[in-house]
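Take a look at the structure below.
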Amino acid sequence: MGKPTDPCTSPYHAIIAGYGAYVPEKILTNDDLSEIVDTTDEWIATRTGIKTRHITTDEETTALLATEAAKKALKTVKLKAKDLDLIIVATITPEMVFPSTASFVQRAIGAKNAWVFDLAAACSGFLYALSIVQQFMETGCMENALVIGAETLTKITNWKDRTSCILFGDGAGAVVLQRADDSRRGIIFSTNYSEGERWQALNCQAFGSRYPSDKELDDPDKIYMEIKGREVYQQAIRRIVEAVNECFDRCGLTMDDVKMVIPHQMNARIIESAAKRLKLPDEKVYMNINKYGNTSAASIPIALDECARTGKIERGDIIILVAFGAGLTWAANVIEF
Ligand code: UT7
């Protein structure tokens, strides 16, 4: 399991200074999918809320998406890449086994003074990364950081499995975090959890030490993502509700104080059920899964970028980010934007 951090009492705060997102151009519709597997637009839209998803070509990789999102985020804050102290790429579909995807981003943007690494916590990865940066900034050890969520899930999708191939899309979102000691409070609270007991609910087993490169897989489908949809569905609702309630309790907030809850986009029905249990009004729960599908670690920063660019959240607003995914993992942050 895990432990929340205490709400921020440090004189320093980690502010979300810039944001950006990038998705590949190519779009795969539900009708396109119905030509590949036995499904319909109606089934997918009703059960998941997804209508389309953006997918990469063979040439487009995770580092490319991450770099494009990073460049956009840096532009909004007018920060030079060489002034970054840290880059974290949250991803479960990295550029390669090693080096990290973050190494490729560092090289592409010229962030030569940063230390960089990838963080593998699936759909919760972006939020885990925010809480790591929060700690470094609150202790005064870091000034500028770039956190990216980037995924090319369609590269590990089993296009013969209709229960999973309809769910996922590719994309990247990024934020620039800066240390500040003024009244703008940035990340106020973070809470992170894991439950390794349930690792089998969502996994991709190939490409690691359990299945060495020179050993044939006992099941060739282990190169693809495997999901136990029902189990994930139920656990996701439970953990999202718990995490958001914890944010309210620990920060002394009510729904009236919060402008927007931005959940990981995994399934519109999961989000709606959790929102109903939390008694959140529709206009305070952001959803864009209809356009992108589930992009794992990229989904929250893509949604955050959309909310900020369209004025759905403005500077000074309190927002809650909440994620749930493979591991199992779940996390939430309260942020004064
Ligand atoms: O970010 C974390 C990753 N996200 C997830 O793991 C997703 C979480 N789970 C879900 O979103 C939902 O469980 C799914 C969308 C995956 C499945 O929806 P469901 O309402 O839980 O459906 P189900 O698995 O209970 O299946 C109901 C029926 C089955 O047919 P029978 O056995 O009732 O005849 C399935 O074979 O729907 C069938 N089915 C489909 N039919 C048409 C499953 N996938 C499809 C499909 N098109 N794509």
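Selection of region 288-329 for residues being in contact with a helix residue (DSSP H, G or I) (Cβ under 7 Å, 6 or more places away or on another chain), part of a loop (DSSP other than H, G, I, E, B) and among the β-branched types (Val, Ile, Thr) yields 295, 313. In region 253-271, of all residues being touching a residue at least 12 places away in the same chain (Cβ under 8 Å) and assigned to a loop (DSSP other than H, G, I, E, B), the one that is nearest to residue 188 (Cα to Cα) corresponds to 253. Counting the residues of region 273-301 that are in contact with a Gly (Cβ under 8 Å, 6 or more places away or on another chain) and farther than 24 Å from residue 188 by Cα gives 6.
Determine if region 120-138 includes at least one residue that is under 17 Å from residue 172 (Cα atoms), in contact with an Asp or Glu (Cβ under 6 Å, 6 or more places away or on another chain) and modelled with pLDDT of 95 or more. Taking every residue of region 120-138 in turn, none turns out to be under 17 Å from residue 172 (Cα atoms), in contact with an Asp or Glu (Cβ under 6 Å, 6 or more places away or on another chain) and modelled with pLDDT of 95 or more.
Within region 238-252, residues that are without any contact (Cβ under 8 Å) to a residue 60 or more places away in the chain have Cβ atoms under 7 Å from residues that are among the basic types (Lys, Arg) in these pairs: 241/277, counting only partners at least 6 apart in sequence or on another chain. Contact map, region 113-126: residues that are over 10 Å from residue 323 (Cα atoms) paired with residues that are in a loop (DSSP other than H, G, I, E, B) and among the small types (Gly, Ala, Ser), Cβ distance under 7 Å, separation 6+ or inter-chain. Pairs shown: 116/100; 117/100; 118/100; 121/327.
Every residue, every condition in (1) surrounded by fewer than 19 Cβ atoms within 10 Å (Cβ to Cβ); (2) touching a Pro at 6+ places or on another chain (Cβ under 7 Å); (3) not in a loop (DSSP other than H, G, I, E, B), yes or no:
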residue	(1), (2), (3)
182	yes, no, no
193	no, no, yes
200	yes, no, yes
208	yes, no, no
211	yes, no, no
218	yes, no, no
232	no, no, yes
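Do you know which of the residues in region 250-281 that are among the small types (Gly, Ala, Ser) and under 14 Å from residue 321 (Cα atoms) is surrounded by the fewest Cβ atoms within 10 Å (Cβ to Cβ)? Checking each candidate, the answer is 275. Restricting 332, 274 to residues that are more than 12 Å from the ligand (Cβ to nearest atom), of a type in the set (Gly, Ala, Ser) and in a strand (DSSP E or B) narrows the list to 332.
The values are calculated or read from the model by the stated rules, or taken from the named source; none is laboratory data. Predicted model, so just to flag it, every value in this text is computed and none were measured. Cβ coordinates were reconstructed from backbone atoms using ideal geometry, including for glycine residues, and neighbour counts include every protein chain displayed.
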